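The values are calculated or read from the model by the stated rules, or taken from the named source; none is laboratory data. Predicted model only: the values in this text are computed from it and were never measured. For neighbour counting, all protein chains shown are included, and Cβ atoms are generated from backbone atoms with ideal geometry for every residue, glycine included.
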Amino acid sequence: MKTKITLLLTLFFVGMVSFAQQDEECMTKLSIFHEYVKAKNFDAAYQPWMDVRKKCPKFNNAIYIDGEKILEYKIENSSGAEKIAFIEDLIKEWKEREENFPSKTPKGEYAAQACQLMYDNRELLGKSDSDLYACFDAAYNLDKETFTSPKSLYTYFSLMVDLYDAKQKPAADLFNKYDDVVEKVEVEVKNYSEKLNELLAKEEAGTALTSKEERYKKYYESYLNAYDQISGSIDQKLGDRANCENLIPLYQKGFEENKANAVWLQRAAGKMSEKDCTDDPLFFKLVNAYHALSPSASSAYYLGILKDKEGKSNEAIAFYEEAIKLETDNFKKAKLNNRIGLKLKAKGNYGRARSFFREALRLNPSDGHPHLSIAAMYAASANSCGDTNFNKRAVFWLAADEARKAASQDPTLRKAASQTAENYLAKAPTKSDIFSENNGGQVIKIGCWIGASVTVPKI
């Protein structure tokens, strides 16, 4: 009995020593390949990294973080069969990461990365549009929440359009996928906008951001810029495929089957509104069915559009205001206020439009579009709201100030809004004008709907 116990203890001790030695070996080689990776010497890092990857796959997540960099370098610096092998190994490495460090490997994110890698090398890998779309679709449905890459979201939709053009996907699938991707982008824009708004509020209160907050601010702004770019690309890719000629017969055909489906009705009404198909009787039918089934901010907004079409402006405004009251999400409420402001601006109702734009800015200050709309209304009213030639041109200072606010708060508008501000300033009084009037530092009151004051710069 004592002999058996002694033997078991000996085996246990030998096992522990062996494990400790393996552990030490993995630690040593991990340190080696990590230093090589930091020095960007990926060729030297490759073999010690492979040794650790095989022997101690669960040892440290650095195996997979550095491994991704090593294999990306190998892919970039190889060709033919060798490149294919490295591509396949990177996809395999991501799967190994998920197996060994699941809590640090978001499924949707890494599945989308694998699909994107195959898409970027589709000719070399011999992948068809159908193969690649199936890959992205599986990744999206696997974990939609972490499928957030702007590039992959665009690729996913772009493949759908290509399959539609090749008559491999029907129009209904195309428009449904467009709505899926646009809604996903909006979710991500909301997420980063709300985070950025917190930092903007802190700056507005006069509190300096910490260095960490400054880094986060740049991070949020970079993602908002990326989503803004792909939003335009998605709409451009869809093009005139979603025109009234295609939408109306499609939704007419599907109405009876989907008249009790609130999501279908909302998307159909939304697409017809977006593409200005609101004169067709089908829009009236969709909106009323949707509002009767599920009264909401969206259905009230669409009813407002109908009243606008009938020329009943006051009733339209009542529905628009009801839409705002029904909306509980501040990000969506801001978008509603901006949409209503744009409608009133188009009708020349500038004073009321500004109220909606101001509310949109209060709810979502990182969206600078309302600032630019207000600036445009000021500029359009310069002649009618100023009592002298100098004062008329002084209105452009107000317009420039609004444009500058858009540039400072909205990363997606920084360049365009700054240029707009410069254009407005070029129309404002010059230094020689101020010298002639001898009114530097004076406050000018701008009348009519603007009802604001502007201080003449000192020279």
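In this structure, is L336 buried (at least 17 other Cβ atoms within 10 Å of the Cβ), among the hydrophobic types (A, V, I, L, M, F, W, C) and assigned by TED's automatic domain parsing to the domain that holds P457?
Details: buried (at least 17 other Cβ atoms within 10 Å of the Cβ): yes; among the hydrophobic types (A, V, I, L, M, F, W, C): yes; assigned by TED's automatic domain parsing to the domain that holds P457: no.
It is false that L336 is buried (at least 17 other Cβ atoms within 10 Å of the Cβ), among the hydrophobic types (A, V, I, L, M, F, W, C) and assigned by TED's automatic domain parsing to the domain that holds P457.
I'm checking my understanding of the structure. Among residues of region 397-433 that are within 24 Å of the chain's Cα centre (by Cα) and hydrophobic (A, V, I, L, M, F, W, C), which one is farthest from K218 (Cα to Cα)? Of everything passing the filter in region 397-433, A403 is farthest from K218 (Cα to Cα).
Quick check on my filter: what residues within region 97-128 are among the charged types (D, E, K, R), within 25 Å of the chain's Cα centre (by Cα) and over 13 Å from K151 (Cβ atoms)?
K104, K107
Of the numbered criteria (1) part of a helix (DSSP H, G or I); (2) exposed (fewer than 14 other Cβ atoms within 10 Å of the Cβ), the one E359 fails is (2). Considering region 177-198, the residues that are surrounded by fewer than 19 Cβ atoms within 10 Å (Cβ to Cβ) and of a type in the set (K, R) include one that is farthest from D235 (Cα to Cα), namely K195. All conditions in (1) touching a residue at least 60 places away in the same chain (Cβ under 8 Å); (2) more than 20 Å from K345 (Cβ to Cβ) hold for R414, with the sole exception of (1). When A139, A226 are checked against the criterion of being small (G, A, S), touching a Phe, Trp or Tyr at 6+ places or on another chain (Cβ under 8 Å) and either at positive phi or surrounded by 14 or more Cβ atoms within 10 Å (Cβ to Cβ) (or both), a single residue qualifies: A139. Here L124 qualifies as touching a residue at least 40 places away in the same chain (Cβ under 8 Å) and over 29 Å from Y220 (Cβ atoms). Among the numbered conditions (1) of a type in the set (V, I, T); (2) touching a residue at least 12 places away in the same chain (Cβ under 8 Å); (3) more than 30 Å from R414 (Cβ to Cβ), the only one that V263 does not meet is (2).
The one condition from (1) farther than 17 Å from P170 by Cβ; (2) out of contact with any Phe, Trp or Tyr (no Cβ under 9 Å at 6 or more places or on another chain); (3) surrounded by fewer than 15 Cβ atoms within 10 Å (Cβ to Cβ) that N243 does not meet is (1). Among all positions in region 305-323, there is no residue which is under 20 Å from A260 (Cβ atoms) and of a type in the set (G, A, S).
Looking at region 306-322, is at least one residue under 22 Å from D179 (Cβ atoms) and either of a type in the set (K, R) or under 24 Å from the mean Cα position of the chain (by Cα) (or both)?
No, region 306-322 has no match at all.
When region 394-408 is examined, which residues are found to be within 11 Å of L372 (Cβ to Cβ), touching a residue at least 24 places away in the same chain (Cβ under 8 Å) and surrounded by fewer than 23 Cβ atoms within 10 Å (Cβ to Cβ)? Result: K405, A407.
Region 71-156 holds helices (runs of 4 or more DSSP H) entirely within its bounds, and those carrying 1 or more residues that are of a type in the set (S, T, Y) map to 107-120, 129-142.
Only one residue in S298, S273, S222 is assigned by TED's automatic domain parsing to the domain that holds A171 and either touching a Ser or Thr at 6+ places or on another chain (Cβ under 9 Å) or part of a helix (DSSP H, G or I) (or both). Which one?
Values: S298 fails: assigned by TED's automatic domain parsing to the domain that holds A171; S273 fails: assigned by TED's automatic domain parsing to the domain that holds A171.
Among S298, S273, S222, only S222 is assigned by TED's automatic domain parsing to the domain that holds A171 and either touching a Ser or Thr at 6+ places or on another chain (Cβ under 9 Å) or part of a helix (DSSP H, G or I) (or both).
Taking the residues in region 362-372 that are surrounded by fewer than 23 Cβ atoms within 10 Å (Cβ to Cβ) and either under 18 Å from the mean Cα position of the chain (by Cα) or not basic (K, R) (or both) as candidates, determine which candidate is farthest from R339 (Cα to Cα).
Our first condition is that a residue be surrounded by fewer than 23 Cβ atoms within 10 Å (Cβ to Cβ); within region 362-372, this holds for 362-363, 365, 369, 372.
Narrowing the set further to residues that are either under 18 Å from the mean Cα position of the chain (by Cα) or not basic (K, R) (or both) leaves 363, 365, 369, 372.
Details: L363: 14, P365: 15, H369: 11, L372: 14 Å.
The selected residue is P365.
Just one of the listed residues (I450, I459) is over 32 Å from the mean Cα position of the chain (by Cα), without any contact (Cβ under 8 Å) to a residue 40 or more places away in the chain and more than 24 Å from L224 (Cβ to Cβ), namely I459.
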